[in-house]
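Below: one structure, written as structure tokens.
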Amino acid sequence: MTKKITLVTRAYNERAIALYEKLGFQQEGIFRQDSYDGERYYDSLSMALFL
């Protein structure tokens, strides 16, 4: 049985974060400079929904 759903989004993506929180997801942690787009690094935000 699934007890937890997790996702990762870029930490600056305020619209997505607001939507996920509206759906019940909670912020768990930040991965500093986790992704690179060829020009700069971005922080990623881990979120979880506990069922």
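The values are calculated or read from the model by the stated rules, or taken from the named source; none is laboratory data. Given the structure is predicted, the values throughout are model-derived calculations rather than measurements. Methodologically, a virtual Cβ is constructed for each residue, glycine included, from the backbone with ideal geometry; neighbour enumeration extends over all protein chains shown. Accessible surface areas use protein heavy atoms only, side chains included; no ligands, DNA or RNA. Shrake-Rupley method; radii C 1.70, N 1.55, O 1.52, S 1.80 Å.
Going from most exposed to least, what order do Asp43, Asp37 have by accessible area with a 1.4 Å probe?
In descending accessible area the options line up as Asp37, Asp43.
Find, among the trypsin sites (Lys or Arg not before Pro) in the chain, those assigned to loop by DSSP (not H, G, I, E, B) with at most 12 other beta-carbon atoms within 10 angstrom.
Hits after loop and neighbour filter: Lys3, Arg40.
Give me the extension gain from Glu39 to Gln26: residue separation times 0.36 nm, minus the current Cα-Cα distance, reported in nm with one decimal.
Full extension of this stretch gives 1.7 nm more.
I'd like the Kirkwood hydrodynamic radius of the chain, using the inverse of the mean 1/r over distinct C-alpha pairs, in Å.
When all Cα pairs of the chain are included, the Kirkwood radius is 11.5 Å.
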